[in-house]
Amino acid sequence: MKRFLLVLLIFMALPVFADTMPFYINSIPKQTLGVYQTDAEITLFSHPDANSNIIKKMSFSYQPETMPDNVFGVLINDKKLGFLYVSDIDDDGWVQVIYDKRTGAKGWVQTIDRMQFLPWLNFYNMYGRKYGLRLLKDTPEDIEVLKSKSEDNSQIVSKLRYIKQIKLTVLRGNWALVSVQDLDKTPKTGFLRWRSDDGIIYAFPNIK
């Protein structure tokens, strides 16, 4: 009994980590358009109209123990950096976000500035080029290769095994020109399919 209580006390003393990153393919809803960077407070509307019904109001402290579950696509509390997945856009800066990843519940928010909504191209150019990319854990083996061209039937340059780093150079549609370093520390350059034609994402910015 004493041993159990000791283990419990040690467990309770450990810091709480509520940071969120996608690690599996199904973590990212298909055919999303990009991400929306949250403020400390957001108001979700039923339609892209400030006179429409308010679905929900949410506030974020960025203290791990108070942050809600299943809301963020990406969340780094120390940097007060949070992103929701965007499923649709409208005029005048309105974006539809997924605010509950379990149910797929959505609501509309109005962006304050043009940098709050980042289409995937902008998001990858900003964070993928800064931090590099990582393959999601259940990416199919036939995707874990570098190609000589941004085409499925092009020649394989290298298979990706034991990757240490994927450096993003540029996106071309659903392909990324990358330089890869693995255990042998020999750099390899080629095209990686980061997203399928129907919107399944395989590689994600390795934000830290």
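The values are calculated or read from the model by the stated rules, or taken from the named source; none is laboratory data. Everything numeric in this text was worked out from a predicted model, so none of it was measured. Ideal geometry is used to build each Cβ from the backbone, glycine not excepted, and the neighbour counts take in all protein chains shown. Ligands, DNA and RNA are excluded from the accessible area calculation, which covers all protein heavy atoms including side chains. Shrake-Rupley method; radii C 1.70, N 1.55, O 1.52, S 1.80 Å.
Measuring nothing but protein heavy atoms, the accessible surface of the range 72-208 at 1.4 Å probe radius is 45 percent carbon and sulfur.
The S179 and D100 beta-carbon pair, evaluated with R₀ = 45 Å, returns a calculated FRET efficiency of approximately 0.75.
Simple spin-label estimate for I76 and Q110 gives 3.1 nm between the two label positions (7 Å along the Cα-to-Cβ direction from each Cα). Mind running the shape call on the chain? Use the C-alpha gyration tensor, a ≥ b ≥ c as the square roots of the eigenvalues: rounded below 1.5 for a/c, prolate if a/b tops b/c, oblate otherwise. It comes out oblate by the Cα gyration axes.
Scanning residues 5 or more positions from V74 or on other chains, those with amide H under 5 Å from its amide H are F83, with H placed 1.01 Å from N in the peptide plane.
Taking a 1.4 Å probe, which of R161, R172 shows the most accessible area, and what order do the others take after it?
R172, R161
In summary, the lysines within cross-link reach of K79, defined as a Cα separation below 21 angstrom excluding same-chain residues under 8 places away, comprise K130, K208. Under the simplified labelling scheme, the K188-T66 pair shows an inter-label distance of 4.8 nm, with each label point 7 Å from Cα along Cα→Cβ. Computed from label points 7 Å out along Cα-Cβ, the spacing between V157 and E41 is 5.0 nm.
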